[in-house]
Structures are given as structure tokens and as C-alpha cells.
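Written below as C-alpha cells is the structure these notes are about.
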Amino acid sequence: MTAVAATAAKAPALSVSVRRLLDRYVLRLYVILAVAYLMLPIVVIALFSVNDPIGRSNFAWRAFTLDHWLSPFGVPGLFDAVATSLRVAFLSTLIATTLGTLIALALVRYQFRGAGSANLLIFLPMATPEIVLGASLLTMFVSIGEPPFFPLSEFTILIAHIMFNISFVVVTVRARLAGLDRNLEEAAMDLGANEWTTFWKVTFPLILPGIVAAALLAFSLSIDDFVITNFTAGRTVTFPMFIWGSYRIGIPPQVNVIGTLIFLIAVGLVALSVVFQRRSARA
Amino acid sequence: MFLRRHRWIVPYALLTPGLLWLAAFYVWPAVQMFVSSFWSGSVERGFTFSLENWTTYPDALDRYSTQFQRSVLYAGAATILTFMIAYPLAYAIAFRGGRLKNLLLFLVVAPFFTSFLLRTISWKIILGDDGLVFGPLKTLGFVDDSFRVLATPIAVISGITYNFLPFMVLPIYVSLEKGDQRLGEAAEDLYAGPWRPGGTIAGAIASGLLFALLGVAFGYSVPIMAAAGAVIGAVAGTLFLSEGFIRVTLPLSLPGVFAGSLLVFIPALGDYVNAALLGNPGTNMIGNVIQSRFLVNNDYPTASALSFILMVAILVAVAIYARLLGTESLTEGRRL
């Protein structure tokens, strides 16, 4: 009787502990494999930036060289493409972040008629496939048929990038605003600050991390956008358009150098912001 | 003060510039695209609008139904694959991440810091006929010399799977993290043990199917692969699927799974980059047709009709989804 009870109590305990042990190591192994899978293409991009291909096809490993890192813009057109991308990304980030932050303030801080429709209008561009966004802008530009909308130019790319960035900025800033303690603003008002002063001295500094995050997101979405740009660029060449254009004749390794540099700069910025946040959290 | 007396104006004043931009460059273009689908003519001679051109729609659907079906198939397959890869990863980060949690999350989104096109082209190098993966496998004799993945549906689907994987991991992670982890532990304290025989059966079926698909893809014997997969799945299911997970944790994370599925499925459905770079003309999706109709053939009416159909199909799906689960959970995953 006691022996039966003892084995009955012991059996599940044993299987549970075996399961826990396996669970720990199998899951750990899985995470390592998954991260390796995610990193693999990035490693390949970096690897082929130091490859020395024969001719223009940079698809097979041949020999190590640092030549392309020493002349990252040694391909005609690449510098202009990167410069165009940076210009569009900078301007679209600036404008979209401003417009989007204003919308987020209105949506979180005020109750008004039509808030539902405003939310819907902000949500829709994020739920529409990029190809439809690009294609519909193209048909509109073509049907207008006059400058500055047609022929397509850097200006039409900018219009498109601001459009798709606004929604992402609203969502990011809104999240930060929603988590904000309203008592802080009310305290400022109680102490005699007017709305304008309260906004700039209390609200704005508090939501600034959200605005910076939104701007970084907008910048990275803009600089890497290909699909919408493909429809609104005309003859203008951005960095992704340069990659697409040189794909058939062979992508020069300098493109991999720029791609790797963008990755390193982005990782560096994230690392910096983490250090910065830790320091301000400690202070 | 004007503003103090008319406070109701403030929110509208804040909204107007941004919403006008969206109205002018999202709503109006969408309307214009619908109008363009009733055009006839050409770029050189100009387009004329006539309601009689409604036949563009049935014609386009008829001519490109294969590509539409293919898009749904590829996007669906990629969504299922991203779920299968993402769930254990999100689970591990949320519950076993510990101090590495933030670093792991960063690594999940790290691919977004490199160019989308370059990432996709990397897969061309990796999956190439004598590339990183199949070169060694062929030398060792594991796969036949004539075997290839590049320029097949598998290459397109794996490209889509890789490119949109973070969109699946993040919402699942958020929903797991937000849910109370103690609920799963409480279930175990209340004697929720291993899930038997459900875990064995579910594991055997899921892994058997997966291995059978791999068998089809790589040209191995399907019954042998399926049987091997079923055995492995049965063992894994018996060992790892607990009742606490099936009855508590998994249902709690379903909103994240739904959000992730849409965030992967929508862009995958309209994608043409993966099919263009990794596939062949036989793997063209509806995005490739729209792209070439617009930018190569200048066939604006057909292209507009196709994009309009694509947009309506997706918005209907999203509307049903939003009605069921709310829009908040949709935007959650993209908030980074």
C-alpha cells in the first residue's frame, strides 16, 4: 500500500525533472540556432564586402580584399544614390515626425468628435500592402500629369515617404503619451504654469524618448524603402533603387560595404542609446 | 485669448496638417486608382474614362487567377512557417530570456538594420546551386547534383519567411510577456502534468506533415520521411507539451499569434521582391504582375484593377479581424 503510493508520487516527479532538464537545454539550443538563422544573411553581406570577384557577379567567394572598403564610392552613381536616400530619409523623417507627433497629441490628450475616423485613417496605410500604396500614388501622379508631380522626381519620393511614415510615428508617440502620468502636468498647472509652458517644460521632455524612437523608426523605414520608391521614383536613384538596378548586371561589392556600414552605424546608435539610458536611469 | 475661448479647435488644429497629408496622398490616390481601372487607351495617346470598361475586372481576374492563387498559397505557407519558427523563439525570450532578454530582442530585429534587398540577395548566395548550404551537401553526396532550391517556390517561400519573421516574433513575445507567467506555474501546481496522449498525437501529426513536406521538397521518399518525422514528433510532443502550456499559456498568447499572422500575411501577399530575386517566371506572384503591368508595360487599367482587388481583399480581411479582436493588438507588434 505505502509502496504503491510512493511510486505513484515519484513517477511524475521524475518525468517532470527530466522534462525540465531537456526543456532548458533544448530551448537554449533552439534560441542559438534561430539567432544564427537571423544573422546568417547579415554575415553574408559583410563577407561579400571583402570579396574580390572576377567580373561583376559577386555571388561566389573568391579572395579576400579590402579594396572596396578603401573606396566605398568607387562605383559611378553609388554616391549620388546614397546621398539621395539620406536626403529623402532626413526630410521625410523631419516632416513625418512633426505631423505625426501633433496627431498623437490630439488623439491622446483630447476627446473630440471624429476621433474614430481619424484613428481609422491612420491605421489604413499600415494595413495596406506597400505595392498598393506605391501603385496608387503612381496613378495619381500620372493622372495629374504636371510638375511638380509629373514627371516623377525626388519630390514625389519624398511625398510618398512622408505618407507612410506618419502612421508609424503616430503609433510610436501615442504609446509613449498613453503611458505618461498626467498628474505631473496637473502639478505644473497648479503651480501656476500656463498650458504652453507646461507643454514645453513638462510634457515635451517626457515624451521626447518616444519622439526620438519614432524619428529613428521613420528614418530607417525611409532609407530602406524599395517597393513604394520603385513606383514613385521615375529616373531618380536611391540606394535601394541602385541595388535593384545593378542586380541584373551584377552588384558591385561596394554596395555590400555601404550595407554593412549602415548596419554598423544603426547598431552603434542603439548601443549608444542603451548606454545613455542606463546612465540617466542611474543619475 | 482666442484659443482659450475656443478650446474645441485645438485637437482639430493639431490633426489637420497630418490628416490632410494622408487624405491627399493615401485616400485620393486610392480613389484615383479605382478611376484608372476604368481607363482605356495608352500612355502615348492618353487615357479616357468610361464605365463600360468594367470588363477590365473579370478579364484581369481571369488572366491572372494563377498568380492570385499562388500569392495566397506562398503567403499562407510563409505565415505558417514564421509561426512555427517564431513561437518557440518568442517563448524562450519571454520566459527564459533572463538578463539576455533585451539583447535577444535586439537580435530579432537586427535584420531590419540592413537593406531588405541585400538580405534577400544574400539568400540567393546561401541557397545557390553550389552555395553555402548545397555546395557541401552535394560534395558529401547527401543531395543529388541536379538538385536545386533557387528559382523554385521553396526559395520564394523561404525568402518571405525570413524577411517577415520579426513581425511574427514581436507580437507573440509581447502577448506572452504581458500575460501572467504565474498562471502557467499555477496550472502545474494544480497538477497540470504532461499533455498525454494529446501531446504525443499532436507532435506526431505536426512533425510527420512537416517532414513529409521536406521529403517532397528535397526529393526523398515521402513515407519514410513522414514516419521518421512522426516518431520524432511523438517523442518531442510527449516530453515537451504540457497541459499547462496547451490549456493556459497558448490560449493567452493567441492575440499575439493573430496579430503576427496578419503582419506577415499582408506584406507577403503583395510582395514581389522575393519572387523576383529568388524565383523564376513560374513563381511570379500577383505583386510581380502589378509591378510589370505598371512599370514595364504601362498597362495602367489592368494594373489598377489588380491592385484595387488586392487592396479590397486585404482590407476586408483586416476589417473582419479588427471586428473580432480590435485594432490595438494589430499596431502593437509594429511598435518598436
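For residue B:176, work out the one condition from (1) more than 30 Å from residue B:110 (Cβ to Cβ); (2) in contact (Cβ under 8 Å) with a residue 24 or more places away in the chain; (3) out of contact with any Lys or Arg (no Cβ under 8 Å at 6 or more places or on another chain); (4) buried (at least 16 other Cβ atoms within 10 Å of the Cβ) it doesn't fulfil.
For residue B:176, the exception is condition (1).
Determine which single condition residue B:129 fails, assuming it passes every other condition in (1) under 13 Å from residue A:60 (Cα atoms); (2) without any contact (Cβ under 8 Å) to a residue 40 or more places away in the chain; (3) within 8 Å of chain A (Cβ to nearest Cβ).
Result: residue B:129 passes all but (3).
Would you check which residues across region A:94-123 are more than 26 Å from residue A:212 (Cβ to Cβ) and at the interface with chain B (Cβ under 7 Å from one of its Cβ atoms) and list them?
The one that is more than 26 Å from residue A:212 (Cβ to Cβ) and at the interface with chain B (Cβ under 7 Å from one of its Cβ atoms): A:112.
Of the conditions (1) more than 13 Å from every other protein chain (Cβ to nearest Cβ); (2) surrounded by fewer than 16 Cβ atoms within 10 Å (Cβ to Cβ); (3) in a helix (DSSP H, G or I); (4) aromatic (Phe, Trp, Tyr), residue B:106 satisfies every one except a single condition; which number is it?
Result: residue B:106 passes all but (1).
Considering every residue within region A:46-64, establish whether at least one is closer than 18 Å to residue A:224 by Cβ, among the aliphatic types (A, V, I, L, M) and assigned by TED's automatic domain parsing to the domain that holds residue A:168.
no
Contact list please: Cβ distance under 8 Å, first residue in region B:266-292 and more than 7 Å from chain A (Cβ to nearest Cβ) and closer than 12 Å to residue B:70 by Cα, second residue of a type in the set (Lys, Arg) and in a helix (DSSP H, G or I), pairs at least six apart or on different chains.
Cβ pairs passing all conditions: B:283/B:70; B:284/B:70; B:285/B:70; B:286/B:70.
On the given criteria, is residue A:57 closer than 20 Å to residue A:242 by Cα, at pLDDT below 90 and surrounded by fewer than 19 Cβ atoms within 10 Å (Cβ to Cβ)?
yes
Hey, does region A:241-252 have a residue that's over 21 Å from residue A:54 (Cβ atoms), modelled with pLDDT under 95 and more than 7 Å from chain B (Cβ to nearest Cβ)?
Within region A:241-252, one or more residues are over 21 Å from residue A:54 (Cβ atoms), modelled with pLDDT under 95 and more than 7 Å from chain B (Cβ to nearest Cβ).
Listed here are the residues, each with its yes/no results for (1) at pLDDT below 90; (2) within 20 Å of residue B:215 (Cβ to Cβ).
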{"position": "B:106", "(1), (2)": "no, no"}
{"position": "B:144", "(1), (2)": "yes, yes"}
{"position": "B:147", "(1), (2)": "yes, yes"}
{"position": "B:156", "(1), (2)": "no, yes"}
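Could you name every one of the helices (runs of 4 or more DSSP H) located completely within region A:125-191 that has at least 2 residues being outside the structural domain of residue A:205 (by TED's automatic domain parsing), surrounded by fewer than 24 Cβ atoms within 10 Å (Cβ to Cβ) and touching a strand residue (DSSP E or B) at 6+ places or on another chain (Cβ under 9 Å)?
none
I need the full set of residues from region B:243-265 which are touching a residue at least 40 places away in the same chain (Cβ under 8 Å) and not hydrophobic (A, V, I, L, M, F, W, C), in order please.
The answer is B:243, B:244, B:247, B:249, B:253, B:255, B:256, B:260, B:261.
Only one residue in A:133, A:177 is among the hydrophobic types (A, V, I, L, M, F, W, C) and more than 10 Å from every other protein chain (Cβ to nearest Cβ), so which one is that?
Sole residue among the options that is among the hydrophobic types (A, V, I, L, M, F, W, C) and more than 10 Å from every other protein chain (Cβ to nearest Cβ): A:177.
Could you check region B:145-159 and list, in sequence order, the residues that are part of a loop (DSSP other than H, G, I, E, B), in contact with a helix residue (DSSP H, G or I) (Cβ under 8 Å, 6 or more places away or on another chain) and not hydrophobic (A, V, I, L, M, F, W, C)?
Answer for region B:145-159, where residues must be part of a loop (DSSP other than H, G, I, E, B), in contact with a helix residue (DSSP H, G or I) (Cβ under 8 Å, 6 or more places away or on another chain) and not hydrophobic (A, V, I, L, M, F, W, C): B:145, B:148, B:152.
In region A:214-241, what count of residues is obtained for those that are under 20 Å from the mean Cα position of the chain (by Cα) and either under 30 Å from residue A:65 (Cβ atoms) or surrounded by fewer than 18 Cβ atoms within 10 Å (Cβ to Cβ) (or both)?
8
Filter the helices (runs of 4 or more DSSP H) completely within region B:1-95 down to those with at least 3 residues that are facing another protein chain (nearest Cβ under 10 Å).
It comes to B:9-22, B:28-36.
Between a residue in region A:118-132 that is more than 13 Å from residue B:290 (Cβ to Cβ) and any residue that is polar (S, T, N, Q), which pairs come within a Cβ distance under 6 Å, given they are 6 or more apart or on different chains?
Filtered contacts from region A:118-132: A:122/A:167; A:123/B:327; A:125/A:167; A:126/A:167.
Please go through region A:74-117 and give me each residue that is assigned to a helix (DSSP H, G or I), among the hydroxyl-bearing types (Ser, Thr, Tyr) and free of Cβ contacts under 8 Å to residues at least 40 places away in the same chain, ordered by number.
A:98, A:117
Among the residues of region A:224-235, are any under 27 Å from residue B:289 (Cβ atoms) and among the hydroxyl-bearing types (Ser, Thr, Tyr)?
Yes: one or more hits.
What do you reckon, is residue A:236 outside any helix (DSSP H, G or I) and polar (S, T, N, Q)?
Criteria met by residue A:236.
Can you list residue pairs whose Cβ atoms sit under 7 Å apart, with the first residue in region A:49-73 being over 14 Å from residue A:258 (Cα atoms) and the second being among the β-branched types (Val, Ile, Thr) and buried (at least 16 other Cβ atoms within 10 Å of the Cβ)? Count only pairs 6 or more apart in sequence or on different chains.
As it stands, the answer is A:58/A:251; A:59/B:125; A:64/A:50; A:65/A:50, since those pairs meet every condition given.
The values are calculated or read from the model by the stated rules, or taken from the named source; none is laboratory data. Given the structure is predicted, the values throughout are model-derived calculations rather than measurements. Every residue, glycine as well, gets a Cβ built from its backbone with ideal geometry; the counts of neighbours run over all protein chains shown.
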